[in-house]
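Asks: This is the structure, below, for whatever I ask next.
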Amino acid sequence: MPDIRSVLAAATQQLGERLDAELLLLQVLQQPRSWLFAHVDDVLDTDVQTAFVALVDRRVQGEPVAYITGYRGFWSLELEVTPATLIPRPETELLVEQALLRLPPEIVCRVADLGTGSGAIALAIAHERPRAQVIATDASAAALAVAQRNAQAHGIGNLTFLHGDWLAPLAGQRFDLIVSNPPYIEAADPHLAQGDLRFEPASALASGDDGLDDIRCIVRDARGHLHPAGWLLFEHGWNQGDAARALLHEAGYAELFTAQDLEARDRVSGGRFG
Ligand code: GLN
């Protein structure tokens, strides 16, 4: 019978990604990744092999690993994800970093995360800033249910969830900082029909002809929900930095910035209002 080392080597060849092969096998074995290192010589029984082959097949058909296992790591948190939520991306950690830079650790403050999905950004901020009061919104009740389970699983209590589009559920409320990872892909972008994106909610990915419809709406409406000199920060595409700052400028925001991700691509822009 084959050992874990040889089974993983074969699946890595098939999938082109060692990490994907490991995550799928660990899902079958119900073990954490830290377990693997000491067990590569373990022999796998037939049931486990059969179950693993079935998961590898689903991946070969294109299904994202995070939807197969139901989990994805983001920041320091292991998060539940379902097809109702976007799969958190490593580059979105830049948005969390940029938000934390503007939230001194000891200050009591109010933060909003618009279109929270799995809750990734809101959870990371609430976790790092226990004195912040974070409110996360989403138009999808199914996504909010996932985000709520993630908050419970991690015992994060300084976070509440509201159902609705962007700022709509926040009438009368003001914040020191508003963050969002909205959809920003051009509606006609062929990538939407490729790879993992095919399986993710279209409403979390595409946003009008130039990809900026939702960003325009957020830039316009966030102004009425910021305390004086409060920050709005949002993620966007690598080629949207100039457009993002132009929208912020036209809407009257100041101290505009664009931050680049680890691949030196424009990824997050923001500014202060009032
Ligand atoms: N960064 C994602 C991608 O290009 C898109 C996520 C989003 O639209 N917010 O795959």
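The values are calculated or read from the model by the stated rules, or taken from the named source; none is laboratory data. Model, not experiment: these values are computed from the prediction. Heads up, the Cβs are rebuilt from the backbone with ideal geometry, glycines too, and the neighbour counts pull from every protein chain shown. Accessible surface areas use protein heavy atoms only, side chains included; no ligands, DNA or RNA. Shrake-Rupley method; radii C 1.70, N 1.55, O 1.52, S 1.80 Å.
Asks: Scan the stretch 211-236 for residues that are assigned to a strand (DSSP E or B) and surrounded by 22 or more Cβ atoms within 10 Å (Cβ to Cβ) and report the count.
Replies: Number of matching residues: 6.
Asks: Taking the stretch 88-115, which residues are among the aliphatic types (A, V, I, L, M), within 12 Å of the ligand (Cβ to nearest atom) and surrounded by fewer than 24 Cβ atoms within 10 Å (Cβ to Cβ)?
Replies: 94
Asks: List the residue pairs whose Cβ atoms are under 7 Å apart, where the first residue sits in the stretch 1-25 and is more than 15 Å from residue 60 (Cα to Cα) and assigned to a helix (DSSP H, G or I), the second is open to solvent by less than 30 Å² (accessible area, probe 1.4 Å) and among the aromatic types (Phe, Trp, Tyr), and the two are 6 or more positions apart or on different chains.
Replies: Note: pairs meeting the criteria are 7/52.
Asks: Being more than 27 Å from residue 86 (Cβ to Cβ) and surrounded by 12 or more Cβ atoms within 10 Å (Cβ to Cβ) narrows it down to one residue among 15, 8; which is it?
Replies: The conditions single out 8.
Asks: Next up: Count, please, the residues in the stretch 121-180 that happen to be on the phi > 0 side of the Ramachandran plot and either out of contact with any Asp or Glu (no Cβ under 7 Å at 6 or more places or on another chain) or part of a strand (DSSP E or B) (or both).
Replies: Qualifying residue count, the stretch 121-180: 3.
Asks: Return the residue satisfying two criteria in turn: it lies in the stretch 52-87 and is under 24 Å from residue 269 (Cβ atoms) and open to solvent by less than 50 Å² (accessible area, probe 1.4 Å), and of such residues it is nearest to the ligand (Cβ to nearest atom).
Replies: 86
Asks: Which residues, taken from the stretch 247-274, are loosely packed, with under 14 Cβ neighbours inside 10 Å, at pLDDT 95 or above and within 20 Å of residue 225 (Cα to Cα)?
Replies: Answer for the stretch 247-274, where residues must be loosely packed, with under 14 Cβ neighbours inside 10 Å, at pLDDT 95 or above and within 20 Å of residue 225 (Cα to Cα): 249, 250, 252, 254, 255.
Asks: Across the stretch 172-188, which residue is farthest from residue 216 (Cα to Cα) among those that are within 12 Å of the ligand (Cβ to nearest atom) and more than 13 Å from the chain's Cα centre (by Cα)?
Replies: Applying the filter and picking the extreme gives 187.
Asks: Let me ask something else about it. Of the numbered conditions (1) out of contact with any helix residue (DSSP H, G or I) (no Cβ under 6 Å at 6 or more places or on another chain); (2) more than 15 Å from the ligand (Cβ to nearest atom); (3) touching a residue at least 60 places away in the same chain (Cβ under 8 Å), residue 225 fails exactly one; give the number of that condition.
Replies: Answer for residue 225: the failing condition is (1).
Asks: Please find, among 247, 262, the residue that is within 20 Å of residue 90 (Cα to Cα), more than 13 Å from the ligand (Cβ to nearest atom) and out of contact with any Gly (no Cβ under 9 Å at 6 or more places or on another chain).
Replies: 262 is the lone residue from the list that is within 20 Å of residue 90 (Cα to Cα), more than 13 Å from the ligand (Cβ to nearest atom) and out of contact with any Gly (no Cβ under 9 Å at 6 or more places or on another chain).
Asks: Would you be able to say whether some residue in the stretch 65-79 is part of a helix (DSSP H, G or I), farther than 25 Å from residue 193 by Cα and touching a residue at least 24 places away in the same chain (Cβ under 8 Å)?
Replies: No; the residues of the stretch 65-79 include none that is part of a helix (DSSP H, G or I), farther than 25 Å from residue 193 by Cα and touching a residue at least 24 places away in the same chain (Cβ under 8 Å).
Asks: Inside the stretch 80-114, can you point out the residues that are in a strand (DSSP E or B) and acidic (Asp, Glu)?
Replies: 80, 113
Asks: Let me ask something else about it. Are any residues in the stretch 193-210 assigned to a helix (DSSP H, G or I) and near the ligand (Cβ under 9 Å from one of its atoms), and if so, which ones?
Replies: Residues satisfying the conditions are 195, 196, 197, 204.
Asks: Given (1) away from the ligand (no atom under 13 Å from the Cβ); (2) open to solvent by 70 Å² or more (accessible area, probe 1.4 Å), where does residue 239 come up short, assuming only one miss?
Replies: With respect to (1) away from the ligand (no atom under 13 Å from the Cβ); (2) open to solvent by 70 Å² or more (accessible area, probe 1.4 Å), residue 239 is out only on (1).
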